[in-house]
Amino acid sequence: MLGEGIIKGMAQTAKNFLGSYSDPERLVTVQYPEERLPLKENTRNFPFLVYDGADPMAGLRCVACQICEKECPPQCIYIIKDTAKKPDYMGKMQFQPKVFDIDISVCMSCQICVEVCPFEAIKMDTEYELSNHDRFGGLLLDKRELAKSNEHYHKIHPTDATEVDARLAAEKAKAEAKAKAAPAPVPKPAPPVKAAA
Ligand code: SF4
Ligand code: SF4
């Protein structure tokens, strides 16, 4: 029949149009901000600094090696290394950043900083409601604003965080076993006592 294809096409279009209003599977929008769609586990936005323990500053995993700063394509990470080591949350002496800033108005969410960090210290956050009224520095985040707990990391990326915890625990156990197996240091002989004149 002449025009049969056109009629079929229009019927399909009408079906899709009406379905987009009535089929719950196809309602892709929600009443934001009252409603929010759940985020996928691999959602990423801007980086944050992971800390362990209860004190965000003492527990930062970052040792200020500055690799991420060098590798960041738009150069939006700014680090000043502290001159002295400080105890971390386990009491081990570590270098820490005196300054660690990220200008998230420049960050392009590439995740390169995360991939190059040898200490699992920087991860991608999922926070996206970051707009504010401060034109000068409102999106320049310092280490206190960037620090978020390992629990937060587990909450937003549970698979990755569990794998990282297991790897760090295995590395720690290996280092402890190696230290135990190492021969005890030989004590230095006492200096000879000078005979009285
Ligand atoms: S976040 Fe990682 S790569 Fe960047 S300075 Fe800290 S330890 Fe180094
Ligand atoms: S996500 Fe990319 S652009 Fe953003 S701070 Fe990390 S390396 Fe730089």
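Nothing in this text is a laboratory measurement; each read-out follows from the coordinates by a stated rule. Just so we're clear, the structure is a prediction, and the values are computed from it rather than from any experiment. Positions of Cβ are generated from backbone atoms using ideal geometry, with glycine treated the same way; all protein chains shown enter the neighbour counts.
Treat the stretch 38-98 as a sphere of radius equal to its Kirkwood radius over Cα pairs and apply Stokes-Einstein at 37 °C in a medium of 0.692 mPa s; give the translational diffusion coefficient in µm²/s, rounded to a whole number.
Working: Rh = 13.2 Å.
So the translational diffusion coefficient is about 249 µm²/s.
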Tensor-based shape of the stretch 125-197 (alpha-carbon gyration tensor, a/c under 1.5 rounded, otherwise prolate or oblate): oblate
Selection of GluC sites (Glu not before Pro), the stretch 1-107, meeting DSSP coil and at most 10 other Cβ within 10 Å: Glu34, Glu35
For the chain: relative contact order, % (alpha-carbon pairs under 8 angstrom, 6 or more apart): 22 percent
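May I ask you to list the chymotrypsin sites (Phe, Trp or Tyr not before Pro) in the stretch 3-100 that are in a DSSP loop and have at most 13 other Cβ atoms within 10 Å of their Cβ?
Filter output for the stretch 3-100: empty list.
May I ask for the longest run of the chain untouched by trypsin sites (Lys or Arg not before Pro) that are loop-located per DSSP and have at most 11 neighbouring C-beta atoms (other than their own) within 10 Å?
Values: sites that count: Arg36, Lys40, Lys92, Arg135, Lys194.
The longest such stretch corresponds to 136-193.
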With Cα atoms, 0 to 90° folded angle of helix 158-181 axis to the chain main axis: 20 degrees
19 Å cut-off, amide nitrogen to a point 7 angstrom out along Gln111 Cα→Cβ, residues in the stretch 36-68: 38-50, 68
Largest-first ellipsoid semi-axes for the chain, taking √(5λ) over the Cα gyration tensor eigenvalues, angstrom: 56, 22, 15
Gap separating the Cα centres of the stretch 36-65 and the stretch 135-196, nearest whole Å: 16 Å
The chain - Cys residues lacking any other Cys C-beta under 4.7 Å: Cys62, Cys65, Cys72, Cys76, Cys107, Cys110, Cys117
25 Å Cα-Cα reach of Lys178 towards lysines, excluding residues that sit fewer than 8 places from it in its own chain: Lys85, Lys86, Lys92, Lys188
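Quote the charge dipole size of the stretch 8-165 about the Cα centre in Debye, to the nearest 20; the model charges only the Cβ of Lys and Arg (+1) and of Asp and Glu (-1). Intermediate results must be reported in sequence, preceding the final value.
Numbers: 19 positive and 25 negative charges, 50 e Å.
That gives a dipole near 240 debye.
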Near-label residues of the stretch 39-81 by backbone N, under 14 Å of a point 7 Å along Cα→Cβ of Tyr128: 39-46
Extension gain from His154 to Ile67, taking 0.36 nm per residue of separation minus the Cα-Cα distance: 28.9 nm
Helix-only CD estimate at 222 nm, as mean residue ellipticity for the chain, using -39500 (n - 2.57) per DSSP H run (n ≥ 4): -9500 deg cm²/dmol
